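Report on the structure given below.
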Amino acid sequence: MREAEITRAIVRAALKDLDELAEVDVLIVGAGPSGLTAAYYLAREGLKVAVFERRFSFGGGIGPGGNMLPRVVVQEEALGVLSDFGVRRVEGGSGLYVVDPAELIAKLAFRAIEAGARVLLGAHVSDVIYRKEPLRITGVMWVWSPIELSQSHVDPIYTESKALVDATGHGAEVLSIVARKVPELGLSVRGERSAYAELSEKLVSERSGRVAPGLYVTGMATAAYYGFPRMGPIFGGMLLSGKKVAEEVLRDLRATLPQGQLA
Ligand code: 48H
């Protein structure tokens, strides 16, 4: 085997991939718990789904558990989602179930990818694309993360989407960009509030969804956007929120697009 052939195999496959990622049905920014959950429920319906994650790993905030103790908890209401992903849990009392973060990360990612979602690691989303009349968000601009970190001036490239989901966690990065750079949409990111776990879990699960034409929010980004409290190392709300945003995206895409128009 020649070294040149190793290069060619990588380049050919990667360029084909990037070509396919120029246009998707749903683009999810962030491969944390909410983003991966949404990716699974959308991909299993046959949509072309991509998840762009700026780290070279997935799971977002799951890995460190609670203050680096290797466990997270999930409440009873989210057991159905855990079952859809085949995640094992043990009872922790008071309606809480205890989960191994490594297993949660692995199974969320495995199921999303097996269902057909494409997870692109090291892809940093730095801007959005928009259109007027009708005013809507139609995709993102992105660069490889090491380029972003180097602070070199490199123009990003585009991915168009019919639905763009902000699953970037505490920073609500996509919505913050839109609030600043597409003021016509009138969005503002209020910032999360101090901890109130039960209330926050309920609000985040219920309110994740569409925030503007073509633009959706899930997970902690929902709390940051609406000014909801934080909840600490309980993850049921993130899973339910990912499922909820997937349902809204599916509903909207099915209502507005004939089947044949999905990418
Ligand atoms: C590409 C990006 C970009 C970008 C960020 O933080 P996450 O785990 O997000 P959620 O909302 O799915 O889960 C939140 C949960 O982990 C958490 O922090 C909780 C429950 N906290 C409660 C509390 O009180 O503290 O994942 C977001 C992912 C990360 O992997 C980022 O690297 C990635 O998004 N990301 N990827 N382009 N611009 N910004």
Exercise. Looking at (1) of a type in the set (Phe, Trp, Tyr); (2) loosely packed, with under 11 Cβ neighbours inside 10 Å; (3) under 12 Å from THR159 (Cβ atoms), which is the only condition PHE52 fails?
Worked result: (2)
For this session: Report the residue count in the stretch 224-235 for those that are surrounded by 22 or more Cβ atoms within 10 Å (Cβ to Cβ) and in contact (Cβ under 8 Å) with a residue 60 or more places away in the chain.
Result: 1
Problem set entry | Breaking point among (1) farther than 15 Å from ALA38 by Cβ; (2) touching a strand residue (DSSP E or B) at 6+ places or on another chain (Cβ under 9 Å); (3) part of a helix (DSSP H, G or I), for THR222 | (1)
Exercise. Could you say whether any residue in the stretch 93-112 is basic (Lys, Arg) and buried (at least 18 other Cβ atoms within 10 Å of the Cβ)?
Worked result: yes
Problem set entry | Conditions (1) of a type outside the set (A, V, I, L, M); (2) open to solvent by 30 Å² or more (accessible area, probe 1.4 Å); (3) touching a residue at least 40 places away in the same chain (Cβ under 8 Å); number of the one not met by SER145 | (2)
Problem set entry | Candidates ILE177, ILE157 - the one that is open to solvent by 60 Å² or more (accessible area, probe 1.4 Å), among the β-branched types (Val, Ile, Thr) and within 15 Å of the ligand (Cβ to nearest atom) | ILE157
Exercise. Can you tell which of ASP17, ASP84 is open to solvent by less than 80 Å² (accessible area, probe 1.4 Å), out of contact with any strand residue (DSSP E or B) (no Cβ under 7 Å at 6 or more places or on another chain), under 24 Å from SER161 (Cα atoms) and away from the ligand (no atom under 16 Å from the Cβ)?
Worked result: ASP17
Problem set entry | Matching residues, the stretch 180-223, being open to solvent by 10 Å² or more (accessible area, probe 1.4 Å) and aliphatic (A, V, I, L, M) | LEU185, LEU187, VAL189, ALA195, ALA197, LEU199, LEU203, VAL211, MET220
Exercise. All but one of (1) open to solvent by 70 Å² or more (accessible area, probe 1.4 Å); (2) touching a Pro at 6+ places or on another chain (Cβ under 9 Å); (3) not in a loop (DSSP other than H, G, I, E, B) hold for MET238; which doesn't?
Worked result: (1)
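The values are calculated or read from the model by the stated rules, or taken from the named source; none is laboratory data. Worth saying up front: this structure is predicted, and the values here are computed from it rather than measured. No Cβ is skipped: glycine too gets one built from the backbone with ideal geometry, and neighbour counts run over all protein chains shown. Remember, those area values only see protein heavy atoms, side chains included, never the ligands or the DNA or RNA. Shrake-Rupley method; radii C 1.70, N 1.55, O 1.52, S 1.80 Å.
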